[in-house]
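Below is one structure, written out as structure tokens, with a few remarks after it.
The values are calculated or read from the model by the stated rules, or taken from the named source; none is laboratory data. Nothing here was measured: the structure is a model prediction, and the numbers come from that model. Glycine also receives a Cβ, built like all others from the backbone with ideal geometry; neighbour counts cover every protein chain displayed. Each accessible area value is taken on the protein alone, full model and side chains, heavy atoms only, with ligands, DNA and RNA left out. Shrake-Rupley method; radii C 1.70, N 1.55, O 1.52, S 1.80 Å.
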Amino acid sequence: MSDEATLQLPLLARVGHAQHCKICLQGLPSSQVDVDSARLALAFYCLGSLDLLNSLESRTNDFERQDWREWIWEQHTQGRYGTGFKPSSYMTPSHNLDNYTEFDAPHMITTYTALLSLSILKDDFSRLDRPGLLKFLRACQKDDGSFYTEPGQGGDSDIRTTYCAFAISSMLDDWSGIDVDRAIPYITACRTYEGGYGQSPFCEAQGGTTYCALASLYLAPSSSPIRGEPLTAQQRRQTIRWLVHNQGQSGGFHGRTEKEADACYCFWCGASLELLGAKDLVTTSALASFLARCQFKFGGIAKSPGEHPDPYHTYLSLAAISIHPPGPDTTTSTSWNIKPLDALINTTKETAEWARSHIPGQKIKS
Amino acid sequence: MHGVKRVGQSKEALGAKKQREQAKIKDYLALTDDLLSRKKDKDWSKEAFDLTTRLLQVNPEFYTIWNYRRSIMLNGLFPPSSPEEINSLLASELSMTTAALKAHPKVYWIWNHRQWCLENVPEGPGQDGADFHGWRKANWDRELYVVEKMLDADARNFLAWNYRRYVLASMPIQRPKVSELTYTTRKIETNFSNFSAWHQRSKVYTSLWDSGSLDPIKCQEEEFELVRNAMYTDPNDQSVWMYHRWLVGSGKLYITVGALRQLNSTAL
């Protein structure tokens, strides 16, 4: 039985996936124009994949890494609502690189991905405006506890941006920028009877937002009231049950009740189970088999077999494999060896360590 | 990131394709630059407005251009217009974005823009009664219709369900909540595996039981019958089992409380 299983699981095409991400870092065709306003997020998925594959140094050179660091710092922008990172330079007038207007404000999600990307690129963060970053976080928090994507009441607000605010505070090791006591009830209000968490109150439970909720709750500082055990025993059981039931016949996870499997949910649901201490409940052989079939012939991993790949699904598939690698009964190929992941902030343990030792800086009096 | 399968192509075809790509990218960048400088000069003209239309057709995710477009309306187009003209302008915004939604049903910014338009419809056409809300009612009613069409196309589009909840809550003249129950029944009967509809149903019931508009005990028999039918139709479907869990969980709590109230009132 184990011989057959070993024969059945294809190799993880590491070289192809690294190549896919490297190419996307350099440019994209016009069909991908809708990613233009999210370039710093895309950069993270590409760099993160190379990091997970342990291919950053071998596939890129010093000049390129320096270039990317510089480009990311160009998105570091200050203004009346504090400091953060813009999604890209697309709306920045060339004469006004330092202070933003309402049209090119920093963005909560890309501030999070910028910090991780710079950590992957081993930046020393000497340029980071930490007081400004705290001011930005404060400017984004709403009365209901959630966070806007942009300061001064701009953009959407839901549990995803809330997670980013928590992750940024955690990396800064400074929680004075957010009101945790106000945020926690919002997160709790997103919980559904299914056991997962929706994007906002009244929504159906969804894998991605369940991860955001759980990671936020587990990241919350020791001073917050829910620290220790954010969920009751019954809630924990219910959430685990919903997550486990999201792994379908194909081996992949779906994101919502009775939907199709999608590679990205292999991470969102898989990482959630890891955070809840229930990773043993994932059928890793089936998971690996599904992700193997999501691989695109010319590199990159797609959301499901037969679809086109992209860095987002490539990164999250690799991250899922990192947490739930196929066991020796399924494969003995080293192609499936991925660097260990810090599931709370969603980057390799090595990068997380770099982030936590370089981002905080001196203790700030705010 | 669309799921279009690749087809093999000749060298010439690939070369021509590459040229077209480069032309497209060049156009896009030129348009972006133009709008960027106009925005910097606080250009609130109709010309700028039309340019944002072009760019948003190419890239509806370009959210700052949606912001600029709204600024143009507020600073340039609205001030010299009568309430009637403003209503007309917003109505055409809504039909333009309906077309955009068909092509991009999950782009949050389009839904967001519609929301802004609806919230800015002026009072009128008249001064009192139904007339006072006339324009608003017409636009909000149409909005509900648009959401229904979106849900017909993709019954699990949760942005659309979310938006539907927002529309129902915000309409100037509210629909009775029971009519939403009927809507969920219709969606469920079309497809038992539509968990989003079951989910909406649980929300509507919770609201109706909370307000005392419906008696949970009376509802339960009908609900269990519906659930039984769905289970027989497709026992492998997660949706109905999940709904059943809700029904015997929170649903049951209401029923229990309702039963206690009844007991209490007969005892008095």
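A few points about this structure:
- Counting the residues of region A:164-210 that are within 14 Å of another protein chain (Cβ to nearest Cβ), of a type in the set (A, V, I, L, M) and under 18 Å from the mean Cα position of the chain (by Cα) gives 0.
- Looking across region A:308-325, the residues that are open to solvent by less than 20 Å² (accessible area, probe 1.4 Å), of a type outside the set (G, A, S) and away from chain B (no Cβ under 14 Å) come down to A:L318, A:I321, A:I323, A:H324.
- Number of positions in region A:147-163 that are of a type in the set (S, T, Y) and more than 14 Å from chain B (Cβ to nearest Cβ): 2
- A:L281 being touching a residue at least 24 places away in the same chain (Cβ under 8 Å), among the hydrophobic types (A, V, I, L, M, F, W, C) and more than 14 Å from A:F267 (Cβ to Cβ): yes
- So B:P105, is it touching a Gly at 6+ places or on another chain (Cβ under 6 Å), open to solvent by 40 Å² or more (accessible area, probe 1.4 Å) and at negative phi: no
- Condition met for B:L90 (open to solvent by 30 Å² or more (accessible area, probe 1.4 Å), out of contact with any Phe, Trp or Tyr (no Cβ under 7 Å at 6 or more places or on another chain) and not β-branched (V, I, T)): no
- Failed condition for A:L12, given (1) of a type in the set (A, V, I, L, M, F, W, C); (2) away from chain B (no Cβ under 14 Å); (3) within 22 Å of the chain's Cα centre (by Cα); (4) assigned to a helix (DSSP H, G or I): (4)
- Count of region B:211-250 residues which are part of a helix (DSSP H, G or I) and open to solvent by 60 Å² or more (accessible area, probe 1.4 Å): 12
- Residue within region B:40-53 that is at pLDDT below 85, out of contact with any Cys (no Cβ under 8 Å at 6 or more places or on another chain) and over 30 Å from A:A302 (Cα atoms) present: yes
- For region B:44-70, a tally of residues being among the hydrophobic types (A, V, I, L, M, F, W, C), more than 18 Å from A:S30 (Cα to Cα) and open to solvent by 30 Å² or more (accessible area, probe 1.4 Å) returns 1.
- Just one residue in the set B:D41, B:D34 is within 14 Å of chain A (Cβ to nearest Cβ) and loosely packed, with under 13 Cβ neighbours inside 10 Å; that residue is B:D41.
- For A:E74: the one exception among (1) within 21 Å of B:L35 (Cβ to Cβ); (2) more than 25 Å from the chain's Cα centre (by Cα); (3) free of Cβ contacts under 8 Å to residues at least 24 places away in the same chain: (2)
- Qualifying positions in region B:166-197 - basic (K, R) and either within 13 Å of the chain's Cα centre (by Cα) or closer than 16 Å to B:A138 by Cα (or both): B:R175
- Residue list for region A:266-295, restricted to those being in contact with a Lys or Arg (Cβ under 9 Å, 6 or more places away or on another chain) and open to solvent by 30 Å² or more (accessible area, probe 1.4 Å): A:G277
- Residues in region A:326-366 that are open to solvent by 50 Å² or more (accessible area, probe 1.4 Å) and farther than 30 Å from A:P131 by Cα: A:P328, A:D329, A:T332, A:T334, A:N337, A:P340.
- Some residue of region B:164-174 being under 22 Å from A:N246 (Cβ atoms), at pLDDT 90 or above and not aromatic (F, W, Y): no
- Looking only at residues in region A:108-146 that are of a type in the set (G, A, S) and surrounded by fewer than 24 Cβ atoms within 10 Å (Cβ to Cβ), the one that is farthest from the other protein chains (Cβ to nearest Cβ) is A:S126.
- Selection over region A:21-55 of residues that are open to solvent by 20 Å² or more (accessible area, probe 1.4 Å) and under 18 Å from A:S322 (Cβ atoms) gives a count of 2.
- Test: residue in region A:226-244 that is farther than 22 Å from A:D280 by Cβ and open to solvent by less than 20 Å² (accessible area, probe 1.4 Å): no
- Any hit, region B:151-165, residues being more than 17 Å from the chain's Cα centre (by Cα) and among the hydrophobic types (A, V, I, L, M, F, W, C): no
- Residue match in region B:71-88 (condition: at pLDDT below 85 and within 13 Å of another protein chain (Cβ to nearest Cβ)): no
- Counted residues, region B:188-199 - those being buried (at least 20 other Cβ atoms within 10 Å of the Cβ) and either more than 11 Å from chain A (Cβ to nearest Cβ) or in a helix (DSSP H, G or I) (or both): 6
- For A:P305, the stated conditions do not hold, so it cannot be described as over 17 Å from the mean Cα position of the chain (by Cα), within 11 Å of another protein chain (Cβ to nearest Cβ) and closer than 23 Å to A:T348 by Cβ.
- Where a residue in region A:98-112 is touching a residue at least 24 places away in the same chain (Cβ under 8 Å) and farther than 12 Å from A:G82 by Cα and its partner, wherever it lies, is part of a loop (DSSP other than H, G, I, E, B) and β-branched (V, I, T), with Cβ under 6 Å and at least six apart: A:D104/A:T92
- Residues considered: B:D131, B:D152. Of these, the only one that is surrounded by fewer than 17 Cβ atoms within 10 Å (Cβ to Cβ), closer than 30 Å to B:S239 by Cβ and free of Cβ contacts under 8 Å to residues at least 12 places away in the same chain is B:D152.
- Residues of region B:44-70 that are touching a residue at least 12 places away in the same chain (Cβ under 8 Å) and away from chain A (no Cβ under 14 Å): B:S45, B:K46, B:F49, B:L51, B:T53.
- Single residue of region A:91-102 satisfying the filter (open to solvent by 10 Å² or more (accessible area, probe 1.4 Å) and at pLDDT below 75) that is farthest from the other protein chains (Cβ to nearest Cβ): A:D98
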